[in-house]
Amino acid sequence: MNNAYFDFAEPKNEPVLNYAPGSNERKELQKAIAELKATKRDIPMYIDGEEVRSDIKVEIRPPHETAHLLGHYYESIEEHVHKAIDAALDAQDSWAAMNWEHRASIFIKAAELLATKYRYRMNAATMLGQSKNAFQAEIDSACELIDFLRFNVHFLSQIYKQQPLSSPGVNNRMEYRPLEGFVLAVTPFNFTAIGGNLAAAPAMCGNVVVWKPANTQIYSASVFMEIMIEAGLPAGVINIIYPPGPLVGEICFAHPDFAGIHFTGSTGVFQTMWKTIGNNIARYKTYPRIVGETGGKDFIFAHPSAMPEAVATGLARGAFEYQGQKCSAASRAYLPSNIAQEIIDMLVTEVKTMKMGIVDDFTNFINAVIDERSFNSITRYIDEVKNSNGAAKIICGGNYDKSKGYFIEPTIILTTDATYSTMCEEIFGPVLTIYTYDAENWIQMLDVLDNTSPYALTGSVFAQDRYAIEFMAKRLVNSAGNFYINDKPSGAVVGQQPFGGARASGTNDKAGSILNLYRWLSPRTIKETLVPPTNYRYPFHQE
Ligand code: NAD
């Protein structure tokens with residue numbers, strides 16, 4: 001009998017383990033890495049709760065050690081996409097009807113499994129499959145994913161409590177229905193947490209989901225699926241498949257029961273999706289929800305009053321952690337002439353100490369970029385600078401090598417042109433471009449910054465002068481969805497800095513916040529009149 005209101009209290013952020021030498025967590029993580037490396041994982045799709053394999057077996061190798069085989073996944077063909085949609089639609093009624101406290105329990109249990117039993121296996125899978133160091137994996141595949149699960153349960157609880165007013169003689173209420181149809185989650189390579197959350201958030205709201213992770217994230221995504229199944233996720237609620245991107249779009253966006261897309265990835269792919277959905281709009285039973293967080297060209301702007309050491313540290317961490325492959329990574333910097341050289345000297349000295357190599361060696365700060373396509377696209381920018389006639393020059397790094405893994409040195413470019421290509425375009429790698437401006441012209445520079453790229457994801461300003469901070473925060477109001485003062489522009493924490501950008505960077509639906517969950521709900525308002533009128537006449541009719 002369900003006769004109580006169930007509340008899920010606000011959680012605390014999952015504490016970040018530090019993996020210092022001699023710590024228990026370091027030992028456990030190293031053990032998990034060794035175990036995974038000693039196994040060849042055979043990774044199936046999961047459709048309707050069943051393991052499914054195709055005839056197309058694809059190898060998975062660590063980006064930093066391409067000679068090593070981690071295992072295989074099975075590429076999905078057309079038939080699997082249709083089966084995943086059918087399984088989702090079959091599961092729809094019973095999943096939507098499950099009482100909230102039971103639905104919620106599955107996700108909190110998954111968070112608990114991830115925080116305990118699976119923490120090291122999950123981090124090891126993210127390190128090996130996506131080439132993250134121990135700390136980068138810990139803040140992503142453990143802490144952020146745990147936080148997404150726990151905080152979203154709490155936020156959803158708060159939404160369900162919101163009820164309309166009732167006037168005398170009337171009882172009003174609101175039901176928060178899931179969407180009618182299935183939700184498609186298409187997720188990027190760079191965060192295990194984003195992959196899990198984009199599938200789990202709509203499911204938590206009672207929706208059924210088809211999940212297509214990036215091929216280069218399947219290794220860790222499959223660990224999340226194992227956890228969800230152990231936590232009790234019923235068959236068909238989340239179906240994970242591995243088709244080529246265009247194929248999943250072609251089939252799902254043509255389906256009458258397509259109810260929404262939860263996407264994170266590049267701007268070009270999202271815009272193609274939106275166009276296809278627009279062209280197909282008359283086919284759908286309901287207007288689909290379109291939620292997408294996309295590219296960025298994130299900035300650090302130092303005001304003449306900034307503390308040089310703080311700027312240099314913000315740049316070193318902000319630009320190069322996870323090889324610059326965070327959508328929030330700093331990739332263009334504007335430094336004032338009065339302190340530019342001091343900042344650059346400190347930054348170059350620091351960056352030169354960053355060790356690069358495989359993830360198993362914990363002293364490496366920099367690992368490999370995700371794959372060969374990415375390697376080629378990033379190094380093309382570096383080569384362009386090497387061949388440019390003075391508009392830009394490399395002042396640190398610039399070497400690369402793909403003989404053993406996709407390694408690119410953290411690279412700093414200095415340009416005399418504030419609109420040079422590497423100041424405007426998303427590179428998505430360990431490449432930072434610096435432009436030095438005349439300190440007296442800092443206000444005009446803000447206009448240049450604001451108009452340089454179509455994106456508006458993250459950005460930081462550094463200053464000691466409070467009038468300048470206030471001025472910059474106002475002038476740059478539309479330049480970033482996540483704005484930082486005296487800090488690097490990356491590292492958003494669930495519940496603390498809800499994440500998302502505007503302009504060409506996405507729909508700004510702030511993953512991991514209450515705002516995102518509203519997109520996966522379709523409220524039904526119910527008015528009940530307690531004693532219905534029995535005569536159509538209103539008092540004003542009376543003579
Ligand atoms: P991507 O766009 O190449 O791929 C994202 C997903 O889309 C993958 O699953 C891919 O297989 C799929 N896909 C590709 N082409 C498709 C198509 N035609 N139809 C349907 N699906 C298709 O992005 P990526 O390289 O995995 O990730 C990097 C990008 O993601 C960067 O642009 C980065 O800025 C962005 N990103 C943004 C955020 C954010 O919150 N704004 C967070 C992480 C990453």
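The values are calculated or read from the model by the stated rules, or taken from the named source; none is laboratory data. Model, not experiment: these values are computed from the prediction. Note that we place each Cβ from the backbone using ideal geometry, even for glycine, and neighbour counts take in every protein chain shown.
Observations
- Some residue of segment 271-286 being under 24 Å from the mean Cα position of the chain (by Cα), away from the ligand (no atom under 13 Å from the Cβ), modelled with pLDDT of 95 or more and closer than 27 Å to residue 478 by Cβ: no
- Among (1) in contact with a strand residue (DSSP E or B) (Cβ under 8 Å, 6 or more places away or on another chain); (2) farther than 20 Å from residue 324 by Cα - the single one residue 489 does not satisfy: (2)
- Pairing each residue of segment 276-296 that is within 12 Å of residue 186 (Cβ to Cβ) with any residue that is outside any loop (DSSP other than H, G, I, E, B) and away from the ligand (no atom under 16 Å from the Cβ), provided the two are 6+ apart or on different chains, yields no C-beta distance under 8 Å.
- Hey, residue 197 under 19 Å from the mean Cα position of the chain (by Cα), part of a helix (DSSP H, G or I), within 14 Å of the ligand (Cβ to nearest atom) and touching a residue at least 40 places away in the same chain (Cβ under 8 Å) or not: yes
- Highlighted here would be strands (runs of 3 or more DSSP E) found entirely within segment 432-543 that include at least 3 residues which are in contact with an Asp or Glu (Cβ under 9 Å, 6 or more places away or on another chain), over 30 Å from residue 148 (Cβ atoms) and without any contact (Cβ under 8 Å) to a residue 60 or more places away in the chain, but there are none.
- Conditions (1) more than 30 Å from residue 157 (Cα to Cα); (2) surrounded by fewer than 19 Cβ atoms within 10 Å (Cβ to Cβ); number of the one not met by residue 463: (2)
- All conditions but one from (1) closer than 30 Å to residue 158 by Cβ; (2) part of a loop (DSSP other than H, G, I, E, B) apply to residue 88; the one that does not is (2).
- Scanning segment 28-58 for residues that are under 19 Å from residue 130 (Cβ atoms) and hydroxyl-bearing (Ser, Thr, Tyr) yields one hit, 39.
- Options 160, 219: the member that is surrounded by fewer than 24 Cβ atoms within 10 Å (Cβ to Cβ) and in contact with a helix residue (DSSP H, G or I) (Cβ under 7 Å, 6 or more places away or on another chain): 160
- Segment 205-235: number of residues that are in a loop (DSSP other than H, G, I, E, B) and either within 14 Å of the ligand (Cβ to nearest atom) or at positive phi (or both): 4
- Count of residues meeting criterion [more than 22 Å from residue 192 (Cα to Cα), among the polar types (S, T, N, Q), within 16 Å of the ligand (Cβ to nearest atom) and surrounded by fewer than 24 Cβ atoms within 10 Å (Cβ to Cβ)] in segment 479-526: 0
- Looking across segment 365-381 at every residue that is buried (at least 18 other Cβ atoms within 10 Å of the Cβ) and more than 13 Å from the ligand (Cβ to nearest atom), the one that is nearest to residue 416 (Cα to Cα) is identified as 381.
- Failed item in (1) surrounded by fewer than 21 Cβ atoms within 10 Å (Cβ to Cβ); (2) within 27 Å of residue 512 (Cα to Cα); (3) not polar (S, T, N, Q), with residue 77 passing the rest: (2)
- Pair list, Cβ under 9 Å, 6 or more apart: segment 395-412 residue without any contact (Cβ under 8 Å) to a residue 12 or more places away in the chain, other residue not in a loop (DSSP other than H, G, I, E, B): 399/382; 399/407; 399/408; 399/411; 401/407; 401/408
- Among residues of segment 246-270, those that are within 10 Å of the ligand (Cβ to nearest atom) and either among the aromatic types (Phe, Trp, Tyr) or touching a Lys or Arg at 6+ places or on another chain (Cβ under 6 Å) (or both), counted: 4
- Those residues of segment 112-157 which are crowded, with 19+ Cβ neighbours inside 10 Å and not in a helix (DSSP H, G or I), in sequence order: 118, 131, 132, 133
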